[in-house]
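Below is one structure, written out as structure tokens, with a few remarks after it.
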Amino acid sequence: MKLHCGLTAENLAAKFGLHEKGLDFEVVFVDWVAGESKTKAFLANFNPFGQVPVLEDGDLKLFESKAITRYLAEQYRDVGTDLLPNDPKERAIMSMWMEINTNQFHPFASTLIRELIIKPYQGLATDFTSVQESEMKLSEVLNIYEARLGEFPYLAGESFSLADLHHLPPIHYMLRMEEEGVKDLIYSRPNITAWVEKMKSRPAWLKTVVKGDHIFELTKQRRLPIQFDASCHELTSVAQTTTMVTGNN
Amino acid sequence: MAGIKVFGHPASAPTMRVLLALHEKNLDFEFVHVDLMGGEHKKEAFLARNPFGQVPAFEDGDLKLFESRAITQYIAHRYEGQGTNLLPADSKNIAQYSIMAIGMQVEAHQFEPVASKLVSEQVFKLKKGLTTDQAVVAEEEAKLAKVLDVYEARLKEFKYLAGDTFTLTDLHHIPTIKYLLGTPTKKLFTERPRVSEWVAEITKRPASQKILQ
């Protein structure tokens, strides 16, 4: 089995699923910043939308992290952790929390990750207005999670499932951010904190992050802009205009 | 069967997804109209059904759900033997199921965010007396064109998005496509031959006709 992957939360989710199942797999790093996932070969052979992760299992190629983990949960039902509830009603609730992750949680969590981790990694400027808006909206969403996790230990009920699995990677990135407000979204909520701490101690998660945190090292290395960002140009042209108007030189 | 209730609004695309699945399965259900204009979806009684304050919400006996794509998946599995099969032909074939799952993720991540912005600009804003922002329309149409190019290539190989039979993946697209066919964005569908055929197929289905008035 091969996992073509990058550094985002979706890639960690796929790895997490593989480790929960105790499966051996080869990692093929795809440098999306360098455009490696947008080459004609990648689009034709792996994912026409030019994104990672992509799982190869024999002849089967799958993309979209939630399709990948669903495949692993079904195909390897008998090995490792059971990631799908047996009861059909509980399984429907799990599906619901996967959708909640996609539609309610992910839009704001991914904005935070893009603004506070990915853009610095690319040498681009953070939009702090966008960060504040996302924090506020995510706070409302997390109130609902807090209530849910007060009723049950995991999102689908009594046991860890795919629904919980897909939340840990983005939360892991959120907790590594320098913005106190972001970490506070989690730590100010005791039920969510307890849920996160339980998941972080899972052996499969420890295997997932042992090499996965190098994005933060790479971010530090890439702090020098690899291209001029918009603010540099704006300051230059404002300075020139001011000089011309006031006659200063 | 008697215990199915849908709490929603007939103009809401997510509500329509659920209604499509129920009609495809010939299931009896009670439709409870939620007064969106009056803000009913943000009031306590509805929030008890969906704390995120969005339609639809759903009940089948003592099971309560929300999120349209979770509801349709539940219906497809729970009523697998009835009406139209909304899962792949060999539903026990995990690889086939996973390919359908990819299509469902693509609809949710690649198609819907862009398509719904186009519906919002060209349909819902007008209903509220606001004007369409043509710059947004142009930007989003460019993104949708790229997605539909991928669909065109896919549909050259298969009759439907997940294979040779109609599945949830196709169904999830229908309500938003219905809205876009009433806007200039329709051209993006009609100028791609296989996409155009697929759109005609999925919108002419009896279940689609029931909700696409």
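The values are calculated or read from the model by the stated rules, or taken from the named source; none is laboratory data. Because the structure is predicted, anything quoted here is derived from the model rather than measured. Don't worry about glycine lacking a Cβ; one is built from the backbone with ideal geometry, like all the others, and counts go over all protein chains shown. Please note that ligands, DNA and RNA were not included when accessible areas were found on the heavy atoms of the full protein model with its side chains. Shrake-Rupley method; radii C 1.70, N 1.55, O 1.52, S 1.80 Å.
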Report task. Quick one: what are the phi-derived ³J(HN,Hα) couplings along the range A:191-198, Karplus 6.51/-1.76/1.60 with θ = phi - 60°, whole Hz, x for glycine and proline? Result -> 5, 5, 4, 4, 5, 5, 4, 4
Query raised in the report: Which of the aspartates and glutamates could be linked to B:LYS64 by a straight reach, that is with a Cα gap under 12 Å, when you skip same-chain ones fewer than 8 residues away?
Result: A:GLU90
Query raised in the report: When the accessible area of the range A:82-220 is computed with all protein chains present and a 1.4 Å probe, what percentage of it is carbon and sulfur?
Result: 53
Requested in this report: Would you please give the residues with an amide H less than 5 Å from that of A:PHE29, counting only those at least 5 places away or on a separate chain, with H modeled from the backbone geometry?
Outcome: A:CYS5
Report summary line: From the Cα centre of the range A:130-202 to that of the range B:1-72, the distance in Å is 27
Query raised in the report: What accessible surface, in Å², does a 1.4 Å probe find on A:ARG176, ignoring ligands, DNA and RNA and rounding to the nearest 10?
Result: 100
Query - Peptide-level mean, for B:71-77, of C-beta atoms on other protein chains within 10 Å - result: 3
Report summary line: Under 5 Å from the placed amide H of A:LYS21, counting only residues 5+ away or on other chains, we find A:THR81
Requested in this report: Rounded to the nearest Å, what's the spacing between the alpha carbon centres of the range B:90-108 and the range A:1-74? Just the number, please.
Outcome: 16
**Report entry** Centre separation in Å (Cα based) which lies between the range A:89-113 and the range B:132-198
**Finding:** 25
Report summary line: Taking Lys and Arg as +1 and Asp and Glu as -1, residues besides B:ARG69 with C-beta under 10 Å from its C-beta add up to -3
**Report entry** Lysine pairs with alpha-carbon atoms under 24 Å apart, the range B:124-188, spacing 8 or more or separate chains
**Finding:** 27
Query - Size of the B/A contact, given as accessible area buried on both chains, probe 1.4 Å, in Å² - result: 2500
Requested in this report: Whole number in Å², please: accessible area per residue of the range A:58-207, 1.4 Å probe, ligands, DNA and RNA not counted.
Outcome: 40
Query raised in the report: Antiparallel DSSP bridges in the protein assembly as shown: what percent, to the nearest 5?
Result: 70
Report summary line: Note on chain B: helices (DSSP H) long enough, at least 20 Å by alpha carbon along their axis, and hydrophobic enough, mean Kyte-Doolittle at least -0.5, are B:134-157
**Report entry** Vicinal HN-Hα couplings computed from phi for the range A:77-85 (Karplus, 6.51 cos²θ - 1.76 cosθ + 1.60; Hz; Gly/Pro x)
**Finding:** 3, 8, 10, x, 6, 7, 9, 10, x
Query raised in the report: Can you give the relative contact order of the range B:59-158 as a percent, counting alpha carbon pairs under 8 Å and 6+ residues apart?
Result: 16
Report task. Compute the convex hull volume of the Cα atoms of the protein assembly as shown, divide it by the residue count, and report the result per residue in Å³ as a whole number. Result -> 179
Query raised in the report: Using Cα pairs under 8 angstrom and six or more residues apart, how large is the relative contact order of the range B:1-112, in percent?
Result: 26
Query raised in the report: List the aspartates and glutamates whose alpha-carbon lies under 18 Å from that of B:LYS210, not counting same-chain residues fewer than 8 positions away?
Result: B:GLU24, B:ASP28, B:GLU30, B:ASP170, B:GLU201
Query raised in the report: Using θ = phi - 60° and the Karplus form 6.51 cos²θ - 1.76 cosθ + 1.60, what ³J(HN,Hα) does each residue of the range A:24-33 get, whole Hz, x for Gly and Pro?
Result: 7, 8, 9, 9, 10, 6, 10, 7, 6, 4
Query - Sequence-distant lysines (8 or more away, or on other chains) whose Cα lies within less than 22 Å of A:LYS200 - result: A:LYS15, A:LYS21, A:LYS66, A:LYS183, A:LYS211
Query - Percentage relative contact order, chain B, counting C-alpha pairs under 8 Å, at least six apart - result: 21
Report summary line: Relative to the compact-globule estimate 2.2 N^0.38 Å (N residues), the Cα gyration radius of the range B:140-213 stands at a ratio of 1.04
Report summary line: Checked the range B:21-180 with the C-alpha gyration tensor, a ≥ b ≥ c its square-rooted eigenvalues, rounded below a/c of 1.5, otherwise prolate if a/b is larger than b/c and oblate if not; verdict oblate
